[in-house]
Amino acid sequence: MKTVSSDDVARVLVVGGGYVGMYTALRLQRTLRQELRQGTAEIVVVDPDPYMTYQPFLPEAAAGAISPRHVVVPLRRALPHCTVVVGEVTALDHEERKATIATLAAEETGDGAFTLPYDELVLAPGSVSRTLPVPGLADVGIGFKTVEEAIGLRNHVLEQLDIASSTRDPELRDAALTFVFVGGGYAGVEALAELEDMARYAVRYYHNVRPEDMKWILVEATGRILPEVGPDMGRYTVRELRARNIDVRLETRLESCERRIVRLSDGSRFPARTLVWTAGVKPHPIVAASKLPLTDRGRLKCTAALRVDGTEHAWAAGDAAAVPDLAAPAPATPGAPRPECAPNAQHAVRQAKVLAENVAAALRGGRIRDYEHAYAGSVASLGLHKGVAHVYGRKLKGYPAWFMHRAYHLSRVPTVNRKARILAEWTLAGLFKREIVSLGSLENPRAEFELAAGTGRHNETT
């Protein structure tokens with residue numbers, strides 16, 4: 001394993017290329033423009049993917065409203081003055097201020113891992129799906145955090161329609177037309193609503209499948225869905241989904257899905273070939289491996305200035321960080337901890353700006369400031385022309401909420417290039433019919449060639 005020397009360069013290591021990682025690096029390369037030109041500073045961004053995924057658009061990408069390549073932002077294009085390393089931080093020694101990084105070359109040859117010294121550390125690895133030991137979940141469950149999962153789910157849903165249309169087995173047909181989503185947060189509700197909308201449109205082109213043949217089921221362990229938009233809008237969302245014949249089951253848990261048989265805590269049991277798991281997230285494993293101070297929930301314990309509590313030269317924000325919410329009312333009990341900022345995109349983008357300025361100030365010996373932002377509210381899409389919103393105390397539903405959802409996220413997606421492409425796609429979608437093509441073969445592009453090569457070898461031997 002080789003070590004990359006830092007020499008006299010002040011190196012900022014950004015672990016993660018998501019919301020916080022990319023926006024922090026973007027702000028840093030502007031703030032430290034002079035140091036970067038002089039070669040006295042360096043910004044290194046490490047992420048397993050060479051792009052940042054704008055996750056609020058994943059449901060629309062899954063439904064075909066947006067092209068998958070337009071919901072990701074290439075890190076090298078957005079961060080031309082940063083060093084982007086496609087790899088994974090496997091170990092951190094913050095006392096020595098060194099990180100061990102495994103790259104793609106390490107996977108291929110075993111010779112691509114190296115140790116990188118740093119001066120300032122920004123931990124923004126994000127989160128991963130939080131799974132439970134449900135029998136069968138690991139075998140049949142589908143996640144919904146990456147663009148690959150979103151496109152795979154779209155292909156899978158359309159493939160189930162093809163199976164239902166072509167089979168003569170009634171049990172297989174019922175299982176193919178049953179779609180179960182576990183988790184009533186943003187990801188689960190928006191993904192279900194968008195895909196149900198797409199499938200309802202798609203079945204008009206199937207001669208023997210009708211919308212009422214499909215069963216869409218949302219399973220939520222608590223008594224409400226979309227808590228971010230408030231109880232009133234949450235109840236409205238339940239009524240809206242049920243009006244579309246979507247079976248919303250509150251205070252219900254998934255107990256088993258072995259052999260594609262779904263068993264729920266309410267006693268129901270039915271076959272289903274689609275089970276989407278969106279029941280929460282947890283901090284990335286590198287957070288626990290960093291040996292930095294953690295909360296009871298496994299998040300990095302941070303100050304309002306976005307420093308890791310009690311640790312110099314270490315910063316964090318986003319999903320993996322527990323940041324005190326200075327805009328929330330102070331606790332009534334003396335000495336009680338303040339509420340934490342919600343781990344959502346709204347806080348992440350704003351935290352990244354303050355974090356970058358604080359890191360630059362630390363390098364220059366400037367003033368460090370606290371992060372404080374009053375939560376503006378939330379918006380959620382429920383399919384084409386349908387949505388809910390609770391923004392600055394105002395409650396919206398239907399078309400106005402859907403329009404606000406699109407307008408807000410269009411303003412937040414990075415780069416003018418992506419904004420223009422997404423707007424163009426929305427405009428064309430209003431003029432032409434929805435695309436309902438399944439490209440499931442993309443998930444195994446060599447299958448046909450392998451079959452041909454295998455057939456060729458067989459022919460030669462015979």
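The numbers here are math on the coordinates, done by the rules we state, and not lab data. All figures in this text were calculated on a predicted structure; none of them were measured in a lab. Note that we place each Cβ from the backbone using ideal geometry, even for glycine, and neighbour counts take in every protein chain shown.
List of remarks:
- Sum of side-chain charges, D296 neighbourhood, beta-carbon under 13 Å (Lys, Arg +1; Asp, Glu -1): +3
- Residue order for L241, L104, fewest other beta carbons within 10 angstrom first, comes to L104, L241.
- Overall form of the stretch 323-408 per C-alpha gyration tensor (a/c, 1.5; a/b vs b/c): oblate
- Principal-axis tilt of helix 147-166 within the chain, Cα atoms, nearest 10 degrees: 0
- Nearest-ten-degree value, helix 230-243 long axis tilted from longest Cα axis of the chain: 30
- Evaluated with a Cβ-only charge set (Lys, Arg +1; Asp, Glu -1), the chain carries a dipole of roughly 1540 debye about its Cα centre, given to the nearest 20.
- Gyration tensor (alpha-carbon) shape descriptor, the stretch 209-325, a/c threshold 1.5: prolate
- Using alpha-carbon coordinates, inclination of helix 447-461 to the longest axis of the chain, degrees: 70
- The listed peptides 39-50, 18-29, ordered by packing as a protection proxy, come out as 18-29, 39-50 (highest mean of other Cβ atoms within 10 Å first).
- Likely footprinting exposure, V15, V140, V128, V262, fewest C-beta neighbours within 10 Å first: V128, V140, V262, V15
- When DSSP beta bridges are restricted to pairs lying wholly in the chain, around 50% turn out antiparallel.
- Extreme residue, positive dipole direction of the chain, given options T146, A374, P68 (C-beta unit charges): A374
- Computed from point charges on the beta carbon alone (+1 for Lys and Arg, -1 for Asp and Glu), the dipole magnitude for the stretch 186-266 about its Cα centre is near 280 Debye.
- A straight chain from T427 to A288 at 0.36 nm per residue would run longer than the Cα-Cα distance by 45.6 nm.
- Peptides ranked, highest mean first, by Cβ atoms within 10 Å: ranges 191-198, 153-160: 191-198, 153-160
- Once the C-beta distance of D309 and D162 is scaled by a Förster radius of 45 Å, the resulting FRET efficiency is 0.25 to the nearest 0.05.
- For E340, nonlocal amide neighbours, meaning residues 5 or more places apart or on other chains whose placed amide H falls under 5 Å from its own, are D325.
- Taking the number of Cβ atoms within 10 Å of each Cβ as an exposure proxy, the fewest-first ranking of F449, F181, F114, F270 is F449, F270, F114, F181.
- A simple charge model with +1 on the Cβ of Lys and Arg, -1 on the Cβ of Asp and Glu and nothing else charged puts the dipole of the stretch 358-455 at about 660 debye relative to its Cα centre.
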